[in-house]
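Worksheet: the structure to be examined is printed underneath.
The values are calculated or read from the model by the stated rules, or taken from the named source; none is laboratory data. Values in this document were obtained by computation on a predicted structure and should not be read as measured data. Methodologically, a virtual Cβ is constructed for each residue, glycine included, from the backbone with ideal geometry; neighbour enumeration extends over all protein chains shown.
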There are 4 protein chains.
Amino acid sequence: MSSSPPPRGRPRDPRSHEAIISATAALVVEVGYAATSIGAVAARAGVGKDTVYRRWSGKAELVFEAVFTTTDDAPIPDTGTLTGDLAVLLESLVDEFRTPAGTAALPGLLADFAADPALKARIRTHFLAPSKDRLVVIFDRAAQRGEIAADTPVNLVLDTLAGAVFFHIALVGESPTPQLAGQLAAMISRGIQIR
Amino acid sequence: MSSSPPPRGRPRDPRSHEAIISATAALVVEVGYAATSIGAVAARAGVGKDTVYRRWSGKAELVFEAVFTTTDDAPIPDTGTLTGDLAVLLESLVDEFRTPAGTAALPGLLADFAADPALKARIRTHFLAPSKDRLVVIFDRAAQRGEIAADTPVNLVLDTLAGAVFFHIALVGESPTPQLAGQLAAMISRGIQIR
Amino acid sequence: MSSSPPPRGRPRDPRSHEAIISATAALVVEVGYAATSIGAVAARAGVGKDTVYRRWSGKAELVFEAVFTTTDDAPIPDTGTLTGDLAVLLESLVDEFRTPAGTAALPGLLADFAADPALKARIRTHFLAPSKDRLVVIFDRAAQRGEIAADTPVNLVLDTLAGAVFFHIALVGESPTPQLAGQLAAMISRGIQIR
Amino acid sequence: MSSSPPPRGRPRDPRSHEAIISATAALVVEVGYAATSIGAVAARAGVGKDTVYRRWSGKAELVFEAVFTTTDDAPIPDTGTLTGDLAVLLESLVDEFRTPAGTAALPGLLADFAADPALKARIRTHFLAPSKDRLVVIFDRAAQRGEIAADTPVNLVLDTLAGAVFFHIALVGESPTPQLAGQLAAMISRGIQIR
DNA sequence: TCATAATCGAGACGGTACGTCCGGTCTTTCA
DNA sequence: TGAAAGACCGGACGTACCGTCTCGATTATGA
């Protein structure tokens, strides 16, 4: 039952935190991920560079928090069929990736994460974790209904879904069709269903 | 009827071209994509920077040519079943992405391509084109066998396959299981088969 | 008849004062004047930065007090001749400048003092004052003996003596010869003696 | 008879050199030595920082060249007496130190030189060398006239003269009296004359 | 006894400069 | 004309200090 150590010194100003996050999100949209520099973020937030580096290790972590912190309080989909549940899940994934900030940030972000082993480990635990949690529940229900096997590989499916959306959005770009989520959901659900 | 323009002045030295490509491939493996700079490539190749810029527009194009120019002269798989054909296709895709150079280069490369509209257009036409050509043939044969519908969306499947492999290799990484290609092939082929 | 204002609040801890002075002197010797920072001094003294700034206006004043606070309780030399008196005076001046801390601090200290008009005024009143007081007495006695004129310019001679020692120690450096004080004393005393 | 190696690559642009020197001299006068930064110099000269660092190791070397490169083509004084010669020599020394740039730069410059062993060695060879050459000739003539001994210590006298002027200008400042050079010359020459 | 007030260690704050590295271009000489 | 060499301007990097500020805690005085 170790309580957090008593805070010493001047506490960090939450307004700085928020100003940095807003400035980052705005810059990523305006100039893109590559051209977004810590210095420019700090200047725009009216903040010293140290104040940024004190909270984030670098551009990747900062942009990740600025762009991909969805509270994700939406209920886990429960439409009664695996296809329907996957479609809802994919819809939200597509929506997140389609955001101006999301589209601008994702490719560079993944590249920076992949290049740094320390950050790489966080992709599963932070970036994909919310989706995985939901997917596990969806799979459980589908297994109970007898739609899929109990040992259906969640990670493989998750990589496939995320990878498909990423390739489609980031690399083909330009407003994915509204049917994308449905098509993908249909294909994948059929691919893992029993029979 | 296009006659080649009359060459004037000193012709380009083909050894420079090869030296640059080798130096690039080596550097990408050794220091990663982000830390690979045109200047370092030129120095390592014993070449002036202009000689690099004269042939490639920038790092992305150079690395792409250095890392992903598989002659791809392997015959198009024809195992008799869609699952088998896809498995062979995916095997070669995994092999390409699993290369040290491939793993090191791919995320950064996609990011740079995605950030530049001019380059972005080439992803489909250059990066995915060979795979697409093969996939089209595979689909044709499967459609003739009655396995899949004639209007199965090739691009969607291709994005899904490539995206799944990319996410698995580049972001989760650490030596994909040998079963990966087979698992994916089974899932996707079932997903698009009739019935 | 200014009575000191009644002290309110927590009194300053004299141990902090001393710890800061010692830390400063040690740091100046170890890393030099330029690399001595207020932050490093405070950390080494186990003290907050404000505790330093509350007592000294900046690095120059702090280092000056830490390095050049000779109590100077030695008796004013009275050897019977101007040359002898000057030699003794110069000896102590050389000794002060030759200290590890003195050598390390002096050039940077003079630069910082010279750059700030407020500090500049203190060079004469604080830095050179003790020597000047002694020189005045020495000159008085020499004038009474008839060795020099009564209006011999004290400041000019003092600047010359201090400047000569400073240039020799700080800029040419490397352990001044033991004869330095004597040679200088002889030259200058002859230079101002009558006839 | 080693000839200089044949120059390769683009030669350095002499206009950059001159622009940097002018910008440096102007900045030193306007904001002082301490507040003169390489970045500000480069910006003012319309030049990249690398272009500055390519030619000078740092601020000290740059400011030294910008401020103290007197062509010194004035003839060596020959007034017929040691006192007169010294007065002329000192006059030029005072003039050099009294320059706005000189006054602003000298204390900080000496501090930076003194702090760096590599630069320290250049003080005698570059900073004081011209004056020393002239002083040697002056002393030779004076010795031939029988005014001074042949082994009069040139370096000691030179340090004394330079130190006296430096202390007077840099630390007391504010326009030294026109008599300064004459007074000093008289004092020192009497101090080293025979008898 | 309690309010007032100054000091203490700690550390966050907005700024500024550091010296290095790249990018992409330009200007030499030599082939 | 191509090529190697390398200088050019601009700008980002991540670190260090500056001098100020804001905490909670401590230690004195005066009501």
statement: If we keep only residues of segment A:165-182 that are of a type outside the set (Val, Ile, Thr) and more than 7 Å from every other protein chain (Cβ to nearest Cβ), then the residue nearest to B:Gly108 (Cα to Cα) is A:Glu174
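For segment B:105-148, what are the residues that are among the small types (Gly, Ala, Ser) and on the phi < 0 side of the Ramachandran plot?
Start the filter on segment B:105-148 by keeping residues that are among the small types (Gly, Ala, Ser), which leaves B:105, B:108, B:111, B:114-115, B:118, B:121, B:129, B:131, B:142-143, B:146.
Passing the criteria: B:Ala105, B:Gly108, B:Ala111, B:Ala114, B:Ala115, B:Ala118, B:Ala121, B:Ala129, B:Ser131, B:Ala142, B:Ala143.
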message: For segment D:148-159: of the residues being farther than 15 Å from D:Leu89 by Cβ and outside any helix (DSSP H, G or I), which is nearest to the other protein chains (Cβ to nearest Cβ)?
response: D:Pro153
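Is there a residue being more than 11 Å from chain D (Cβ to nearest Cβ), in contact with a Gly (Cβ under 7 Å, 6 or more places away or on another chain) and not polar (S, T, N, Q) anywhere in segment C:102-123?
Residues of segment C:102-123 that are more than 11 Å from chain D (Cβ to nearest Cβ), as a first pass: C:102, C:118.
Filter again for in contact with a Gly (Cβ under 7 Å, 6 or more places away or on another chain), leaving none.
Looking through segment C:102-123, none of the residues is more than 11 Å from chain D (Cβ to nearest Cβ), in contact with a Gly (Cβ under 7 Å, 6 or more places away or on another chain) and not polar (S, T, N, Q).
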message: Scan segment D:107-118 and tell me whether some residue there is surrounded by 16 or more Cβ atoms within 10 Å (Cβ to Cβ) and within 16 Å of D:Ala164 (Cβ to Cβ).
response: yes
- request: Inspect all residues belonging to segment D:163-175 and state whether any of them is modelled with pLDDT of 90 or more, in contact with a Phe, Trp or Tyr (Cβ under 6 Å, 6 or more places away or on another chain) and not charged (D, E, K, R).
  value: yes
- prompt: Do we find a residue being in contact with a helix residue (DSSP H, G or I) (Cβ under 8 Å, 6 or more places away or on another chain) and in a loop (DSSP other than H, G, I, E, B) anywhere in segment B:84-98?
  reply: no
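How many residues does segment B:162-195 contain that are β-branched (Val, Ile, Thr) and in contact with an Asp or Glu (Cβ under 9 Å, 6 or more places away or on another chain)? Full working, then the answer.
First, the residues of segment B:162-195 that are β-branched (Val, Ile, Thr): B:165, B:169, B:172, B:177, B:188, B:192, B:194.
Now restrict to residues that are in contact with an Asp or Glu (Cβ under 9 Å, 6 or more places away or on another chain): B:165, B:172, B:192, B:194.
Total satisfying the criteria: 4.
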message: Among the residues that make up segment D:61-69, is at least one of them modelled with pLDDT of 95 or more, more than 23 Å from the chain's Cα centre (by Cα) and within 11 Å of DNA strand E (Cβ to nearest atom)?
response: no
- request: Restricting attention to segment A:160-188, report how many residues are within 21 Å of B:Leu82 (Cβ to Cβ) and either part of a loop (DSSP other than H, G, I, E, B) or not assigned by TED's automatic domain parsing to the domain that holds A:Leu110 (or both).
  value: 0
message: If B:Ala26 meets every condition in (1) at pLDDT 95 or above; (2) more than 30 Å from B:Phe139 (Cβ to Cβ); (3) more than 16 Å from DNA strand E (Cβ to nearest atom) apart from one, which number is that one?
response: (3)
query: Within segment D:176-192, is even one residue surrounded by 18 or more Cβ atoms within 10 Å (Cβ to Cβ), under 15 Å from C:Phe167 (Cβ atoms), of a type in the set (Gly, Ala, Ser) and in contact (Cβ under 8 Å) with a residue 60 or more places away in the chain?
result: no
field: Residues of segment B:18-47 satisfying the condition of being within 8 Å of DNA strand F (Cβ to nearest atom) and either in contact (Cβ under 8 Å) with a residue 12 or more places away in the chain or basic (Lys, Arg) (or both)
entry: B:Ala19, B:Ala42, B:Ala45, B:Gly46, B:Val47
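For C:Tyr53, state whether it is within 8 Å of DNA strand F (Cβ to nearest atom) and of a type in the set (Phe, Trp, Tyr). Before the answer, list the steps.
Working: within 8 Å of DNA strand F (Cβ to nearest atom): yes; of a type in the set (Phe, Trp, Tyr): yes.
Taking the combined requirement at face value, the residue satisfies it.
Among the residues of segment C:183-195, write down those that are small (Gly, Ala, Ser) and either within 21 Å of C:Tyr33 (Cβ to Cβ) or more than 7 Å from chain D (Cβ to nearest Cβ) (or both).
Looking only at segment C:183-195, we keep the residues that are small (Gly, Ala, Ser), and these are C:185-186, C:189, C:191.
C:Ala185, C:Ala186, C:Ser189 - these are the residues of segment C:183-195 that are small (Gly, Ala, Ser) and either within 21 Å of C:Tyr33 (Cβ to Cβ) or more than 7 Å from chain D (Cβ to nearest Cβ) (or both).
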- prompt: Does at least one position in segment C:127-145 carry a residue that is part of a helix (DSSP H, G or I) and within 9 Å of chain D (Cβ to nearest Cβ)?
  reply: yes
- request: Could you list all residues from segment D:31-46 that are within 12 Å of DNA strand E (Cβ to nearest atom) and not hydrophobic (A, V, I, L, M, F, W, C)?
  value: D:Gly32, D:Tyr33, D:Thr36, D:Ser37, D:Gly39, D:Arg44
- request: Taking the residues in segment C:70-97 that are within 14 Å of another protein chain (Cβ to nearest Cβ) and under 14 Å from the mean Cα position of the chain (by Cα) as candidates, determine which candidate is modelled with the highest pLDDT.
  value: C:Leu90
task: Given the conditions (1) in a helix (DSSP H, G or I); (2) of a type in the set (A, V, I, L, M, F, W, C); (3) away from DNA strand E (no atom under 15 Å from the Cβ); (4) touching a helix residue (DSSP H, G or I) at 6+ places or on another chain (Cβ under 7 Å), report the number of the one that D:Ala121 does not fulfil.
output: (4)
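Does A:Lys59 qualify as being closer than 25 Å to C:Lys49 by Cα and either of a type in the set (Ser, Thr, Tyr) or near DNA strand F (Cβ under 7 Å from one of its atoms) (or both)? Working first, answer last.
Details: closer than 25 Å to C:Lys49 by Cα: no; either of a type in the set (Ser, Thr, Tyr) or near DNA strand F (Cβ under 7 Å from one of its atoms) (or both): yes.
Criteria not met by A:Lys59.
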- request: Could you pull out every one of the helices (runs of 4 or more DSSP H) wholly within segment D:1-78 that has 3 or more residues that are crowded, with 16+ Cβ neighbours inside 10 Å and β-branched (Val, Ile, Thr)?
  value: D:14-31
- prompt: Only one of (1) free of Cβ contacts under 8 Å to residues at least 40 places away in the same chain; (2) closer than 21 Å to D:Gly163 by Cα; (3) more than 12 Å from DNA strand E (Cβ to nearest atom) is not met by D:Asp73, so which one is it?
  reply: (2)
message: Suppose we keep only residues that are in contact with an Asp or Glu (Cβ under 9 Å, 6 or more places away or on another chain) and among the aliphatic types (A, V, I, L, M) within segment B:113-134. Which one would you say is farthest from B:Trp56 (Cα to Cα)?
response: B:Leu128
query: Within the bounds of segment B:131-141, is there any residue that is loosely packed, with under 15 Cβ neighbours inside 10 Å and touching a helix residue (DSSP H, G or I) at 6+ places or on another chain (Cβ under 7 Å)?
result: yes
